[in-house]
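A.B. asks: One structure, as structure tokens, below. Some questions next.
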Amino acid sequence: MGRRAPAGLLSVSATELLAIAEQAARAAGALLRERFEAGGEQATGAKSTPTDLVSEADLAAERAIREIIASRRPDDAILGEEGGETQQGSGLRWIVDPLDGTVNFLFGVPQWCVSVAVHDDDGGVAGVVYDPLRAELFAGVRGGVPTCNGVALRASRQTELATALIATGFAYDAGVRARQAAVVGRLLPRVRDVRRMGSAALDAAWTAAGRYDAFYERGVQIWDTAAGEVLCLAAGLELRPLEAEGDLPAGIVVAPAGLIDELAGLVA
């Protein structure tokens, strides 16, 4: 069965954590927007493959986020895509993607964001996905109502796969992409359409907002989806893990209850 958000009321501690996540995401977003609008940002290296790029903007944004979290919550652990993990003892762990959509950022494509989430032993407590170019801040807490700029989100209640708009993404490894292309080929005739925009965190946030009916992707890391998962679960969507299968890495699928079984069966 897919996971649902646990019931509960918005706690003071969750509110405080959300405020820190928002402060950190906005600080990184301001820095990134300035660099994006200036142009000329260059990749400084590659990670998993030659097409999996990292830039100085990624590193600078993560430094800004880490400084804010460390100043406000010095005993919490922080896991960042670029800087690894710091181990602390509070029981809370911040999970940060300072720039989700680096390739888009470097190519001047306005589809990238900052993702900041905090987990406890039961999973996501609070999460923020910030799109500085559209000035949209998606925020949510476990058991609360997710919002965009303070307005409550309404996720899709779609039950017909044939009229569903599905978001996805692809891995950087060419061999994995070949397998993913076969999955999309199987899916495409069965749905309204498929979108591939290049930022998993934004895909999840937009799914929570009802802009997409559902989202799935393999090869995502925890920092890609941690905040988006908080938003989607709080919006009443179901989340199901996709187990690794042969060359295909693990992933997730998020959808309304009326779509999750059929969609997961097609993309598993």
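A.B. asks: Given the conditions (1) crowded, with 17+ Cβ neighbours inside 10 Å; (2) of a type outside the set (F, W, Y); (3) on the phi > 0 side of the Ramachandran plot, report the number of the one that N149 does not fulfil.
C.D. replies: With (1) crowded, with 17+ Cβ neighbours inside 10 Å; (2) of a type outside the set (F, W, Y); (3) on the phi > 0 side of the Ramachandran plot applied to N149, the lone miss is (1).
A.B. asks: Identify all residues within segment 224-268 that are charged (D, E, K, R), without any contact (Cβ under 8 Å) to a residue 40 or more places away in the chain and closer than 19 Å to V191 by Cα; write none if there are none.
C.D. replies: Correct list: D261 only.
A.B. asks: Let me ask you something else. Tally the residues that are without any contact (Cβ under 8 Å) to a residue 40 or more places away in the chain and assigned to a strand (DSSP E or B), restricting the search to segment 99-122.
C.D. replies: 1
A.B. asks: Still on this structure, I have one more. Tell me whether segment 45-52 contains one or more residues that are part of a strand (DSSP E or B) and modelled with pLDDT under 95.
C.D. replies: Yes: one or more hits.
A.B. asks: Can you report the number of residues in segment 133-183 which are outside any loop (DSSP other than H, G, I, E, B), assigned by TED's automatic domain parsing to the domain that holds E34 and within 24 Å of V109 (Cα to Cα)?
C.D. replies: Residues meeting the conditions: 5.
A.B. asks: Restricting attention to segment 92-146, and to residues there that are of a type in the set (V, I, T) and out of contact with any Leu (no Cβ under 9 Å at 6 or more places or on another chain), which single residue is surrounded by the most Cβ atoms within 10 Å (Cβ to Cβ)?
C.D. replies: Going through the qualifying residues, I end up with V116.
A.B. asks: From the list A181, A139, A135, which residue is in contact (Cβ under 8 Å) with a residue 24 or more places away in the chain and within 22 Å of G198 (Cα to Cα)?
C.D. replies: A139
A.B. asks: Going through A250, A205 one at a time, which residue ends up being under 14 Å from the mean Cα position of the chain (by Cα) and small (G, A, S)?
C.D. replies: A205
A.B. asks: Also, I was wondering about something else. State which residue is nearest to V129 (Cα to Cα) when the search covers only segment 226-268 and only residues that are among the charged types (D, E, K, R) and assigned to a loop (DSSP other than H, G, I, E, B).
C.D. replies: Only one residue fits best here, namely E243.
A.B. asks: For residues that are at negative phi and touching a residue at least 40 places away in the same chain (Cβ under 8 Å), tally how many sit in segment 184-201.
C.D. replies: Final tally of qualifying residues: 7.
Residues checked against (1) over 12 Å from V254 (Cβ atoms); (2) out of contact with any strand residue (DSSP E or B) (no Cβ under 6 Å at 6 or more places or on another chain); (3) not in a loop (DSSP other than H, G, I, E, B):
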position	(1), (2), (3)
P189	yes, yes, yes
M197	yes, yes, no
W206	no, yes, yes
R211	yes, yes, no
Y216	no, no, yes
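A.B. asks: Examine segment 63-80 for a residue that is hydrophobic (A, V, I, L, M, F, W, C) and within 21 Å of L237 (Cα to Cα), and state whether such a residue exists.
C.D. replies: No, every residue in segment 63-80 fails to be hydrophobic (A, V, I, L, M, F, W, C) and within 21 Å of L237 (Cα to Cα).
A.B. asks: Next up: If the requirement is being at pLDDT below 95, in contact with a Phe, Trp or Tyr (Cβ under 8 Å, 6 or more places away or on another chain) and not aliphatic (A, V, I, L, M), which of these qualifies: E136, E85, E56, E81?
C.D. replies: The match here is E81.
This table checks each residue for (1) surrounded by 18 or more Cβ atoms within 10 Å (Cβ to Cβ); (2) among the β-branched types (V, I, T); (3) out of contact with any Pro (no Cβ under 6 Å at 6 or more places or on another chain); (4) not assigned by TED's automatic domain parsing to the domain that holds A24.
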residue: L233; (1), (2), (3), (4): yes, no, yes, yes
residue: P241; (1), (2), (3), (4): no, no, yes, yes
residue: A255; (1), (2), (3), (4): yes, no, yes, yes
residue: I260; (1), (2), (3), (4): yes, yes, yes, yes
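A.B. asks: Taking A171 as the residue in question, decide whether it is at pLDDT below 95, surrounded by 13 or more Cβ atoms within 10 Å (Cβ to Cβ) and closer than 27 Å to L266 by Cα.
C.D. replies: When the stated conditions are applied, A171 passes them.
The values are calculated or read from the model by the stated rules, or taken from the named source; none is laboratory data. Since this is a predicted model, take the numbers as computed values, not measurements. Reconstructed Cβ throughout: ideal geometry from the backbone, glycine too, with neighbour counts over all protein chains shown.
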